[in-house]
Each structure stands twice: as structure tokens, then as C-alpha cells.
Amino acid sequence: MLTSIVEMSTALTESSSIRATFRCKRPACVFEGTALKSCTFDAQTRSALFCTKQVEYVFNFVALLSEGFLFLFHLHGRTPLDIYLHMLLLGMILLTIICGFAEVYMRDQPIYAIVRNWSILVQGTWFWQVGAILYPVASWMPVWDGMRKESIPAAANLFCYHLLADFVGIVLLASVMSLRLGRINFRAAARPLHTQHPEHTIEDLSADMSTEMTLYAASREAEESTTMFNSVHS
């Protein structure tokens with residue numbers, strides 16, 4: 001519980017700094033609301049009120065839906081560039097929700113978890129990019145004209161760069177984690193299947209030995225009985 005309180009206070013402090021930096025009060029609701037849901041989730045799980053395995057996804061869905069509604073219904077009176085930037089962010093939120101539902105129903109498919117984490121990373125990087133476009137605070141930041149038609153294609157190109165960079169980061173992170181956990185064997189993947197030797201356990205080896213001993217004993221008994229039969233008839 002103490003960790004949750006510290007997390008909540010930290011998020012409120014960060015949201016206040018974001019309001020001061022970008023001179024915008026509305027995006028801070030996202031940080032405060034998400035932090036409050038995270039605090040509630042931590043308290044509920046520690047008190048064992050919810051024991052289901054999907055409770056984490058439920059709280060994430062609630063946070064994402066709240067974030068999506070905030071970005072969807074505060075676009076009135078905005079410039080076309082401002083609306084376009086927020087709609088791109090809303091699309092990534094919907095993609096995160098869809099991948100989350102797919103991950104709940106198909107837990108054995110890691111591709112949905114990778115895409116969900118990729119979309120969350122794109123949300124984070126693009127959110128800061130939106131703040132830099134709409135509220136440039138440094139002298140080296142370009143000033144965007146929200147009414148120009150050329151601003152929207154330029155923002156689309158910038159969004160594609162975010163998609164590519166975040167995808168490369170997720171792939172590198174997944175590769176490092178897979179190599180760390182020993183789930184990727186490049187030598188085995190490079191060899192053809194007919195050249196790979198089958199793996200035998202101790203139980204398989206002992207079963208093979210017992211089978212060989214049984215066959216050997218049966219052949220000895222058959223040989224002895226044949227010898228006795230020949231000696232009797234001779």
C-alpha cells in the first residue's frame with residue numbers, strides 16, 4: 001500500500017510538471033487517472049479481493065478506455081493538425097485494447113503481447129511528440145502551423161518514424177529477452193530437421209535396455225530349446 005501511495009504522489013507531481021511545461025491542463029487527467037487505477041489495482045490485489053488472473057487486464061482496459069474518451073471528446077474547437085495528432089493517438093489506444101482482448105483469449109500466442117507492448121510504447125513516444133508539436137518550449141523546436149494543409153502529411157511521416165523506431169526497439173528487447181531465457185537456438189534452427197538427433201531421456205534409455213535384455217533372453221531360450229530338441233531326436 002505504501003508503494004501505491006508513493007506511486008500516486010509521483011504521478012501527480014509528474015502531471016503537474018507536464019502542465020507547467022506544455023501549458024496544458026487536460027492531458028494531466030490521463031496521468032492522474034491511470035495512476036489512481038494503478039494504485040487501486042495494487043491495493044485490491046494485495047488485499048486478495050480479486051483473485052482472477054485477468055484482473056490486471058481489466059484495470060488496463062478501464063485505463064485505456066478512459067484515456068481514449070478523454071482524447072476523443074476534447075477536440076472541439078481545435079485546429080485540424082491538433083485533431084489529427086489526437087486521432088492518431090486514439091488509433092493506437094484502440095489497437096492496444098484489441099490486442100489485449102486477443103491476449104486474454106489466446107494466452108499461448110506471444111505475438112499479441114508483443115504488439116500490445118509496441119502500441120503502448122508508441123502511445124508514450126507519440127504523446128510527448130504531440131506536446132512538442134503543439135507547445136514547443138525550446139528555441140530549437142520547430143513551430144507548426146495548425147491550419148496549413150502541409151502540416152498533416154508531415155505529422156503522418158513523423159508518426160511513421162515513431163512506429164518504425166518503437167517496433168525496432170520492441171524487436172530488439174524481445175530478442176534479448178529470448179536469448180537471455182534460452183528460448184532461441186540459432187544452431188538448431190539453421191540445421192535441417194532430418195540432421196537433428198532426437199533427444200532421449202533416462203527413462204527412454206532404461207526402457208530400451210530392458211527391451212534388448214528381454215529379446216536377448218528370448219533368443220537364448222529359443223536356441224537352447226532347439227538344441228535340446230535336436231539332441232533328443234538324434
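Computed from the coordinates by the stated procedures, all read-outs in this text should not be read as laboratory data. Here the structure is a predicted model, which means the values were calculated and not measured. Here the Cβ positions follow ideal geometry from the backbone for every residue, glycine too, while neighbour counts run over all protein chains shown.
Would you mind putting 132-144, 113-125 in packing order, based on average other-beta-carbon counts within 10 Å, highest first?
By packing density, highest mean first, the sequence is 113-125, 132-144.
Mind giving me the FRET efficiency for residue 160 and residue 132? R0 is 22 Å, r the Cβ-Cβ distance, nearest 0.05 is fine.
It comes out at approximately 0.85.
Residue by residue through segment 79-85, what is 3J(HN,Hα) from phi via Karplus (6.51 cos²θ - 1.76 cosθ + 1.60, θ = phi - 60°)? Round to whole Hz and write x for glycine and proline.
Computed from phi, the couplings for segment 79-85 are 6, x, 5, 4, 5, 5, 4 Hz.
Taking the mean number of other Cβ atoms within 10 Å as a proxy for protection, how do you rank 62-75, 167-180 from highest to lowest? Mind showing how you got there, number by number?
On the way: 62-75: 16.0, 167-180: 12.4.
Highest mean packing first, the order is 62-75, 167-180.
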